Amino acid sequence: MTAKHTTPRLAILGAGRMGEALLSGLLRSGAWTTGQIVCTTRSQRRADLIAGRHDVTVHTDSAEAAAGADIVLIAVKPQSIATLLAEVAPKLHRGQTVISVAAGVGTASIEAALLEDIPVVRVMSNVPVQVDEAMSVLAAGVHAGPADVEVARTILGHVGKVIELGEEQLDAVTGLSGSGPAYLFLLAETMIEAGILLGLQRDVATELIAQTMVGSAKMLRDSGRHPVELRESVTSPGGTTIAAIRVLEQERVRAAFINAIEAATLRSRELGR
């Protein structure tokens, strides 16, 4: 791994759901040991819980944790980042790399809150980080060089797939893949309910839909075929699938999804402001 030290020290500021998921994935990968990571939380109760689960150092002083780290990973909610940055800025220095997974918060906002020209890399990831299947997108700030981007790529690469884009595209990424798991979970919930309505047991309907989604996703990812081609391969003339597709088109499901993703993108921009 490209880093400032042979064994880089990582501080995860905000061990909530995303922060803890990243912590867990890094430890599973073996890329970091428990002695190389320190985490922070706002409450001592949460700190004790995370320390007990993962055998890492966890406390409530983010400034102290940031001061001793080579890599500072900010995983707090967007509404809390200004307060956190005011707390840790005096302790940060140019020899560090700051990585932020706070949705909607631009690198310029983070850089403006820091007292030195510290490299900042913004990341938009998603909840499948919990099972090492996240989709993460990186965007470098003005002071971040290739080595800093590589640090972020390496960290996120342990919990899923990583690509780099221009920061102007990250709000769209947030609306599409950041929020995307929720759309798929809603679709799965709806399809399971339909199965129950049609007489299937809940556990049977859940297994059917979960495996159908997994298999379909693998086909889309691995086959190199366009989604239209894959859909048409299931759709026989005059068959059951085309009857269902006709209803979905009549109900404007396609337009509803596009409008929903656009709404999420606009909300990401609002959070950034």
Next on the checklist: Can you tell me the orientation of helix 180-197 relative to the chain, as the angle in degrees between its alpha-carbon axis and the longest Cα principal axis, to the nearest 10?
Outcome noted: 40
Item to check | Under 14 Å from the Cα of LYS218 - aspartates and glutamates, other chains or at least 8 residues apart | outcome: GLU133
Next on the checklist: Considering only C-alpha atoms, what is the centroid distance from the range 6-75 to the range 80-109, in Å?
Outcome noted: 16
Checklist entry - In the range 194-218, which residues have a backbone nitrogen under 18 Å from the label point lying 7 Å from ALA243's Cα in the Cα-to-Cβ direction? => result 194-200
Checklist entry - What accessible area per residue comes out for the range 144-220, rounded to a whole number of Å², with a 1.4 Å probe? => result 59
Checklist outcome for this item: Quick shape check on the range 1-149: root eigenvalues a ≥ b ≥ c of the Cα gyration tensor, a/c under 1.5 is rounded, otherwise prolate if a/b tops b/c, else oblate, and it reads rounded
Checklist outcome for this item: Once GLN44 and VAL228 are pulled to full extension, the length gained, defined as 0.36 nm per residue separation minus their Cα-Cα distance, is 61.1 nm
Item to check | CD proxy at 222 nm, helix term only [per DSSP H run n ≥ 4: -39500 (n - 2.57); per residue of the chain; nearest 500] | outcome: -16000 deg cm²/dmol
Checklist outcome for this item: Applied in sequence order to the range 125-142, the curve 6.51 cos²θ - 1.76 cosθ + 1.60 (Karplus, θ = phi - 60°) yields integer Hz couplings, x standing for Gly and Pro, of 10, 8, 5, x, 3, 5, 10, 6, 10, 6, 10, 10, 10, 9, 9, 8, x, 5
Checklist entry - For the chain, what % of the accessible area comes from carbon and sulfur atoms, probe 1.4 Å? => result 57
Item to check | Cα long-axis angle, helix 240-250 against the chain (0 to 90 degrees, to the nearest 10) | outcome: 70
Item to check | Residue among ILE196, MET18, ALA47 farthest towards the positive dipole end of the chain, charges placed on Cβ | outcome: ILE196
Next on the checklist: Is the C-alpha gyration tensor of the range 198-269 telling us rounded, prolate or oblate? Criteria: a/c under 1.5 is rounded; beyond that, a/b larger than b/c is prolate, otherwise oblate.
Outcome noted: rounded
Checklist entry - How would you classify the chain from its alpha-carbon gyration tensor, with a ≥ b ≥ c the square roots of the eigenvalues: rounded for a/c under 1.5, else prolate if a/b is greater than b/c, otherwise oblate? => result prolate
Checklist outcome for this item: Averaged per residue, the 1.4 Å probe accessible area of the range 19-132, protein heavy atoms only, in Å², is roughly 41
Item to check | In sequence order, calculated HN-Hα J values of the range 202-215 (Karplus, 6.51, -1.76, 1.60; Hz; x Gly/Pro) | outcome: 4, 5, 5, 4, 5, 5, 4, 6, 4, 5, 4, 5, 4, x
Checklist outcome for this item: Rounded to one decimal in nm, the spacing of the 7 Å Cα→Cβ label points at VAL131 and ALA217 is 0.6
Checklist entry - Cα centroid distance between the range 136-154 and the range 238-273, in Å? => result 32
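The values are calculated or read from the model by the stated rules, or taken from the named source; none is laboratory data. Note that this is a predicted model, so its numbers are computed, not measured. Please note: Cβ atoms are built from the backbone with ideal geometry, for glycine as well, and neighbour counts cover all protein chains shown. These area figures cover heavy atoms from the full protein model, side chains too; ligands, DNA and RNA do not enter into them. Shrake-Rupley method; radii C 1.70, N 1.55, O 1.52, S 1.80 Å.
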